[in-house]
Amino acid sequence: MPRDSLTSASALAMAAPDGTLTSWSTGAEQLLGYSADEAVGRQAAALLESPLPIGVRERWDRQEDWTGQVVLRHRDGSAVECRLRARPLPTGDGRASWLLEGVPAAEEADRATDPLLCWSFYQSPFALAIYDTEGRLLRANKPMTKQLAASEEDLRGLRITEHMPDPGFRAPERALDRVLRTGESEHIENYVKVPGEPQAHPWIIHFTPLKDSLGLVHGVQLAALDFSEQFAARERLALLDDASRRIGSSLDVARTAQELADVAVPALSDFVSVDLLDAVLHGEEPPAVPLHGPLLLRRAAVRPEVKAVVTVGASSRYPEFSPVARCLTTGRGTVHQIGEPEITRWLAHDPDRTAWVSRHGAHSLMTVPLRGRGTNLGVVLFVRLDPSAGPYGQDDLQIAEELVARAAVCLDNARRYTREHTTTLALQHSLLPQGIPEQSAVDVASRYLPADSKVGVGGDWFDVIPLSGARVALVVGDVVGHGIHASAAMGRLRTAVRALADVDLAPDELLAHLDDLVVRLGSGPESGAEAPFGELGATCLYAVYDPTSRKCSLASAGHLWPALVTPDGKVEILELPTGPPLGLGGLPFESVERELPEGSLLSLYTDGLVLARHRDVDAGLHALRTALADMAPSLETTCDHVLDALLAERPADDVALLIARTRALDSGHIAVWDLPADPAFVAEARSRTTAQLHTWGLDDLAYVTELVVSELVTNAIRYAAAPIQLRLIKERTLICEVSDASSTAPHLRRARIFDEGGRGLMLVAQLTERWGMRHTGTGKTIWAEQPLPV
């Protein structure tokens, strides 16, 4: 900086208002080589290597003090770079002479600055630079040149954006110009990448005007401070504050996981996935994380979803050595760069993720375990895709861990709520079929809607039970009332119906046994003091359909009649001799049998369906017939159509609906032979069986089937009575049935060493998938099933 006092060593000159040199010092002669005689009388502008900028000339015209860098012409023709200060000297007539002082650039700091001040500038650990009144750099210390990736000589005379044209540097340049204009200090925050740094980060830039004793601004000092730590702390607080407001708005596990992903992008990551253990999504207590073997997680949330390899709801298997599995096993978060050996090994086992990393340019990732109250919940994966953003570091990991820790508490709360809610409804849902069992008699679709009540549980149920001989049982029932007692009663009834159906009882016999059971439970101590079982009241409709004969047997215990839709579109309500509701005891039940055309639709339902919009049952049944008349090709669509037509938005009672389309087994799948009660005919029965299996392409089953036929026919001839009939049915299994006129039931027994018999049924039980006996109107049928070869 120029001094305010003049010395004989200074390069001084005086110029008249018209620019003619009128005085020339020894220092000036030493600087440019012209003697006083040679210089005086010359135009000062003639000593310039190049004309001054227009802005400087305008300033001189306004007679303002000016200091800046110029290049002068030496007497020998060489260029001399120096710092020139021009001070106006008013003459009283509105014009001004000029005092010119020049200092060579190489000597300026030593001549014009105290050594301590010079040392403090160049040895400061902070990045410092000095700019002249034109905003051009004069000096820069080592930290500044390091950040700008250029030497002081390369930078001297350049404005900020001339060296760094990035738009991010326009703000500092504007601030510098304002300080030169106003003489007031400023500081700004800027997030840019300087040439000497690998990535962008935040800076605080201070601009201080440099003034003389008269208050004139001769330049500006710029100090740039790395603001990364303070900025990260501020951003961390802002992120955590945002997380506290946005995460945990509900007690839904999946929604809470998505809220975590939404908060993290883009504040902390370009891509986030939240993978949870399956148990967490179901509200259950997660099992211990396996220390060895792959880790199976389910994707609960992702942001943005369009970039995900694994979609929400899909499961993903992570190898034991992957960062995701390792972080959950150790309970510690990790930071990785894509090129690390561990990441390379993981991606080598997952081509889809490898392609994803290549396509989106992922370069850094973090894995953070989700742990709430000491319970492992899952893993959050943060991925950085933006090439201008630096790789993740430990500071980023710390922020991510704090964010995930807060979210984990919310997720665990949601998990616990889900567990409690699931427990409340578990009884109700567990008592209904979780899937239609495999059978070939009918196609089935069903719906169950709980009542709109705070309790949320009720006593309606339905069931589909495969029976022997390719038959199927269709059941629908209703326990009156709501609450845990109604659900408990429903559970007992459904279990009892399945147990009774397993012994192949006729519908009327089954309801009679069920009625006796309800009576006993209602009068026993296990019924409870608050609501005895029998007082609850229950109805049931039980139907058995046989696809070989297309006959359907039905019986009702106080339940509404089923609806039948024949293939020609005719709809009718099947009138049954309705017995009393279950639990009254002492009254009989009666079955009816109806032959159904193939493709008929049988609809079983509870009263909540027909009474939802109609107080009168007849009006509700009329609405049901109308809805069924408009049959859709799909049973699922038919169910939806019926519910839409008959139900209000919030039904006041439980609703169960079961719709079955009947099938028929043609003669090509059935073989029947009447057998004489002659032991010699057993060989003929085996021969016919073998021939029939060959016709069906089931030669692989011939050996076992011959043994089964031989044993069952022999027993019927030896111990039972005529008529005897052998029937083979080919559907989803191979069924072998032997019927006779005796009602005596066979049983398994263990033969002793020297017994001649007693091993037959044991052999049948061991060779077949299952076997059993059912009573018929004329006797009994022994049956055995074998799976068809794949």
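Span-like helices, the chain: DSSP H, alpha-carbon axial extent 15 Å or more, mean Kyte-Doolittle 0.0 or greater, which ones?
Values: long enough: 170-182 (18 Å, -0.92); 228-246 (26 Å, -0.83); 253-264 (17 Å, 0.31); 394-430 (50 Å, -0.52); 484-501 (25 Å, 0.58); 507-523 (24 Å, 0.28); 617-629 (18 Å, 0.81); 635-646 (16 Å, 0.40); 682-695 (20 Å, -0.62); 702-719 (25 Å, 0.71).
Qualifying helices: 253-264, 484-501, 507-523, 617-629, 635-646, 702-719.
So, by mean Cβ neighbours within 10 angstrom, what's the order for 79-90, 302-313, 321-332 with the highest one leading? Please report the intermediate quantities before stating the final value.
On the way: 79-90: 16.8, 302-313: 15.0, 321-332: 18.4.
Peptide ranking by packing, descending: 321-332, 79-90, 302-313.
Given [x] 32.6, 118; [y] 47.7, 155; [z] 29.5, 90, which label gives Rg and Dmax of the Cα atoms in Å as computed from the coordinates?
[y]
Mean separation of Cα pairs under 8 Å and 6+ residues apart, divided by the residue count of the stretch 113-226: what relative contact order is that in percent? Working shown, then result.
Numbers: 211 pairs, mean separation 29.7, N = 114.
Contact order relative to length: 26 percent.
Among I205, I436, what is the fewest-to-most ranking by other Cβ atoms within 10 Å? It would help to have the intermediate numbers written out before the result.
On the way: I205 21, I436 16.
Arranged by neighbour count, lowest to highest, I205, I436 become I436, I205.
Compare the peptides 682-692, 375-385, 189-199 by average per-residue count of other Cβ atoms within 10 angstrom and give them in order, highest first. Before the final figure, lay out each step's value.
Numbers: 682-692: 16.5, 375-385: 23.6, 189-199: 14.1.
Going from most to least packed, we get 375-385, 682-692, 189-199.
Lys and Arg at +1, Asp and Glu at -1: add these up for the other residues within a Cβ distance under 12 Å of L643 and post the number.
Numbers: positive: R447, R613; negative: E636, D640, D644, E649.
Taking every other residue near L643 into account, the sum is -2.
Please label the shape of the stretch 114-221 as rounded, prolate or oblate, based on the square roots a ≥ b ≥ c of the eigenvalues of the alpha-carbon gyration tensor (a/c under 1.5 means rounded; beyond that, a/b larger than b/c means prolate, else oblate).
Values: a/c = 1.70, a/b = 1.23, b/c = 1.38.
It comes out oblate by the Cα gyration axes.
List the relative contact order of the stretch 667-787 as a percent without decimals, with contacts defined as Cα pairs under 8 Å and 6+ residues apart.
Details: 194 pairs, mean separation 29.6, N = 121.
Reported as a whole number, the value is 24 percent.
Projecting each Cα onto the charge dipole of the chain (Lys/Arg +1, Asp/Glu -1 at the beta carbon, about the Cα centre), which of S249, S743, G293 comes out farthest on the positive side?
G293
Normalising by the residue count of the chain, find the relative contact order in percent from Cα pairs under 8 Å and 6+ residues apart. Could the numbers behind the result be given before it?
On the way: 1571 pairs, mean separation 49.7, N = 790.
In percent, rounded to a whole number, it is 6.
If you plug each phi of the stretch 720-731 into the Karplus form 6.51 cos²θ - 1.76 cosθ + 1.60 with θ = phi - 60°, what whole-Hz ³J(HN,Hα) values come out, in order, with x for Gly and Pro?
Per residue, the Karplus-derived 3J(HN,Hα) values read 10, 9, 6, x, 10, 9, 10, 9, 10, 10, 10, 9 Hz.
Apply the a/c threshold of 1.5 to the C-alpha gyration tensor of the stretch 231-421 and tell me whether it is rounded, prolate or oblate.
Numbers: a/c = 1.62, a/b = 1.15, b/c = 1.41.
It comes out oblate by the Cα gyration axes.
What order do you get for I659, I204 when you list them from fewest to most C-beta neighbours inside 10 Å? Don't jump to the answer; show the numbers that get you there.
Details: I659 24, I204 15.
Going from least to most buried by this count: I204, I659.
Quick check: residue separation of E649 and A348 times 0.36 nm, minus the Cα distance between them. What number comes out in nm?
On the way: separation 301, 0.36 × 301 = 108.36 nm, distance 5.26 nm.
Answer, rounded to one decimal: 103.1 nm.
Using alpha carbons only, how many angstrom separate the centre of the stretch 36-76 from the centre of the stretch 558-576?
Spelled out, the Cα-based centre of one part sits 112 Å from the other.
Run the helix sum for the chain: -39,500 (n - 2.57) per DSSP H stretch of 4+ residues, divided by residue count, reported at 222 nm to the nearest 500 deg cm²/dmol. Before the final figure, lay out each step's value.
On the way: 25 runs with 269 residues, N = 790.
Mean residue ellipticity, 222 nm, calculated: -10000 deg cm²/dmol.
Just name one of P577, L116, A325: the one whose Cα is farthest towards the positive end of the charge dipole of the chain (beta-carbon charges, Lys/Arg +1, Asp/Glu -1).
My answer, from the dipole projection, is L116.
Pop the C-beta distance of D154 and E305 into the FRET formula with R0 = 51 Å and round what comes out to the nearest 0.05.
Details: r = 49 Å, r/R0 = 0.95.
Taking R0 as 51 Å, the efficiency between D154 and E305 is 0.55.
Tell me the Rg and the Dmax, in Å, that the Cα atoms of the stretch 434-662 produce.
When restricted to the Cα atoms of the stretch 434-662, Rg and Dmax are 16.7, 53 Å.
Quick check on packing: order 569-580, 272-283 by the mean number of other C-beta atoms within 10 Å, highest mean leading. Can you show the working numbers first?
Numbers: 569-580: 15.3, 272-283: 21.8.
Top to bottom by mean Cβ count within 10 Å: 272-283, 569-580.
So what is the diffusion coefficient of the stretch 177-309 in µm² per second by Stokes-Einstein at 10 °C and 1.306 mPa s, using a Kirkwood Rh over Cα pairs?
Working: Rh = 19.4 Å.
The Stokes-Einstein estimate is 82 µm²/s.
Please get the size of the charge dipole for the chain, origin at its Cα centre, with Cβ charges of +1 on Lys and Arg and -1 on Asp and Glu, quoted in debye to the nearest 20.
Values: 76 positive and 106 negative charges, 166 e Å.
Value, rounded to 20: 800 debye.
Count charges around S446 for me, please; just the other residues with Cβ under 15 Å from its Cβ, Lys/Arg as +1, Asp/Glu as -1.
On the way: positive: R447, R494, R661; negative: D443, D460, D463, D478, E636, D640, D654.
For residues surrounding S446, the net value is -4.
Can you give me the C-alpha center-to-center distance between the stretch 288-313 and the stretch 665-697, rounded to a whole angstrom?
56 Å
Quick note: the coordinates plus some simple rules give every number you see, no bench work behind them. Predicted model, so just to flag it, every value in this text is computed and none were measured. Positions of Cβ are generated from backbone atoms using ideal geometry, with glycine treated the same way; all protein chains shown enter the neighbour counts.
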